[in-house]
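Working notes for the structure below.
The values are calculated or read from the model by the stated rules, or taken from the named source; none is laboratory data. Bear in mind that the values here come from a model prediction, so they are computed numbers and not experimental data. Because the Cβ atoms are built from the backbone with ideal geometry, glycine has one as well, and the counts that use them run over all protein chains shown.
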Amino acid sequence: MLLFLVLLLVGCSEATHFLGTMMTYYPAETLSNGSISVILRYKLNFVSCIDFDIWQCSGNCGTENQTLTLTKVEEISGEWCQREGAITHRLPNNTGFQTVLAGGNWINNIQNSVVSWRAVTNVELRTRSDIGKPNTSPQTTILPALRIPSNCPKIIDLLAFDPDGDEVKCRYGNTTESECNPCNPPSVLILSSTCSLNFTANNSPSSSSDVPYAVQLVMEDFPTQNINLTQNDGSQEMKTTSDAISKIPLQFVLKVAPAIPSCTEGLYLPRFIFPTPNHRDQLHASVGQALEIHISAVATASTIANLRYSGPYNVVKNSLGSGNFTLTWTPSASEEGQSHAICFTVQANVSSSLYDSELRCVIVTVAHTPTPTTTPTQTNTITPVTTAANRTITTTANITNTTTPTTTPSTAHIAPTSLPAPNTTTPLTNTAFFTTENTTTTPMASTPNITFFTTENTTTTRMASTQAATTSDPGPEYIIALNMKISTTLSLENDEDTIISLIKNKLVEEGLPSSITVRLLSGNQLVVTTASP
């Protein structure tokens, strides 16, 4: 009898702790003898960090090595713990395989009658005729739980990125294909093939506490043209644009929370503001160098509680106060050439209930650290402030006469300051100062008499070309200021028009509109201004 009671207690503990999973894969190496290795990265979401489960491989599994044991990404005490793991399979040939996660059970009170968990990944490694290498799965991630108010319609736009350029589609898991156990879609969600979930508030139950639903999705990649997949023995299979190449699971919990007085973002629900990246932004990082992502949100009728995120296990979160946060990630050499997803929400506290902002995700592509003699590195400082403006964009550059430009290394840091609440009567203006410190000279090939001390970086280019910042509703006006050192052998007294023309051409080349006006001020300062449309 005692043994029976112990087993029963263990079973009860295991029956209420799962909050979903996800899996992606990258082919790592193909050898001349036809053998191939592939890296599978996955996340497991449980109530606590002591719970776990194991993926079971079937088919051409080769030798398996757990290259990253389950390592905590983020833990919300008493609610969930997300951990990341990685498995490397070394296969004798490029035949694919399947791996399955199955067990029980999901957390208590799941409304769509899902008890046991099951998730399936199909790994395709045959050589593609369009890119000449094995397939890479879609890249994505998700938080273990998303919490939204019961009375607010909402669209949850999931991240779906494919490094091979394939079209990514989402669908609910299919019970007949044993992709979940069982596959009961939530009645409160409508899924589009483009991986958006539409929450229909009118169909959701009214409750004074959270009501959870298990969301069990399958994400697949489809070629944009007919391709052939070639096996080591020469046999081929055609994949049309209607045929999925691989599939990965994406599972999490949707928590429908009590109703709130208003669904307007920025009141009770947090609203992202500059310099938060846009959803699906593609960022770039170098091996061994820290990438810092700044996130800011406001909510005037509630209290910003925290930032929740999902990404690589070694992302570091910092809170700067007043709704400002940073996520910092330093990629390792093993991640070179890969793309990694980072998703986040900001939560607000309303009468002891927590509510998530919209879900935002970015993709970070990792490159090898460039040498100073080839590709210069980037330094910039972003400082959001609030001020009045005349709907202009102003770029200021210091100009000096010199015949010997110098080259020095560069560093990078981004430090936001607090943003006041948006209920002020002064129009909100987002100002970013991009200051180049100790930069590397980049001469203009067609103009040997003038040198721009600038850096090449996608963030700077994106900010210059998308002048109204990169977030929804950033405020009615904005200013972007760029400090740039310019060296020239031309005379400021005799060649002013030539200098202005060369600078204007360079700034237009970097993304500013051709309608900009350029003028020199005293103290060798240049001001470039364009009126907002």
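Among all residues of segment 61-77, there is at least one that is free of Cβ contacts under 8 Å to residues at least 24 places away in the same chain and either buried (at least 19 other Cβ atoms within 10 Å of the Cβ) or not in a strand (DSSP E or B) (or both).
The condition of being at pLDDT below 95 and of a type in the set (S, T, N, Q) does not hold for residue 122.
Yes/no matrix, rows are residues, columns are (1) farther than 25 Å from residue 271 by Cβ; (2) at pLDDT 50 or above; (3) among the charged types (D, E, K, R); (4) under 16 Å from the mean Cα position of the chain (by Cα):
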{"site": "342", "(1), (2), (3), (4)": "no, yes, no, yes"}
{"site": "357", "(1), (2), (3), (4)": "no, yes, no, yes"}
{"site": "371", "(1), (2), (3), (4)": "yes, no, no, no"}
{"site": "388", "(1), (2), (3), (4)": "no, no, no, no"}
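Just checking, how many residues over segment 291-313 are outside any strand (DSSP E or B), touching a residue at least 60 places away in the same chain (Cβ under 8 Å) and under 22 Å from residue 74 (Cβ atoms)?
Within segment 291-313, the first condition is being outside any strand (DSSP E or B), and the residues that meet it are 299-302, 311-313.
Imposing the further condition that a residue be touching a residue at least 60 places away in the same chain (Cβ under 8 Å) reduces the set to 300, 311-313.
From what is left, the residues that are under 22 Å from residue 74 (Cβ atoms) are 311-313.
Count: 3.
Do we have any residue at all in segment 204-214 that's without any contact (Cβ under 8 Å) to a residue 60 or more places away in the chain and either closer than 21 Å to residue 47 by Cβ or charged (D, E, K, R) (or both)? Looking for residues that are without any contact (Cβ under 8 Å) to a residue 60 or more places away in the chain and either closer than 21 Å to residue 47 by Cβ or charged (D, E, K, R) (or both), one finds at least one in segment 204-214, hence yes. Taken as a whole, the structure places residue 325 among residues that are of a type in the set (Phe, Trp, Tyr), at pLDDT 95 or above and farther than 25 Å from residue 19 by Cα. Scanning segment 277-290 for residues that are of a type outside the set (Gly, Ala, Ser) and outside any strand (DSSP E or B) returns 277, 278, 279, 280, 287, 289.
Where strands (runs of 3 or more DSSP E) sit wholly within segment 89-204, those with at least 1 residues that are charged (D, E, K, R) and either surrounded by fewer than 21 Cβ atoms within 10 Å (Cβ to Cβ) or within 27 Å of the chain's Cα centre (by Cα) (or both) occupy 116-123, 145-149, 154-157, 167-172.
Looking at this structure, is residue 241 within 23 Å of residue 121 (Cβ to Cβ) and among the hydroxyl-bearing types (Ser, Thr, Tyr)?
Working: within 23 Å of residue 121 (Cβ to Cβ): yes; among the hydroxyl-bearing types (Ser, Thr, Tyr): yes.
So residue 241 passes the test.
For segment 314-344, the tally of residues that are in a strand (DSSP E or B), under 20 Å from residue 42 (Cα atoms) and not hydrophobic (A, V, I, L, M, F, W, C) stands at 2.
With the requirement that a residue be under 30 Å from residue 326 (Cβ atoms), in a strand (DSSP E or B) and not polar (S, T, N, Q), what does segment 250-276 give you? Scanning segment 250-276 gives 250, 252, 253, 254, 255, 257, 265, 269, 271, 272, 273.
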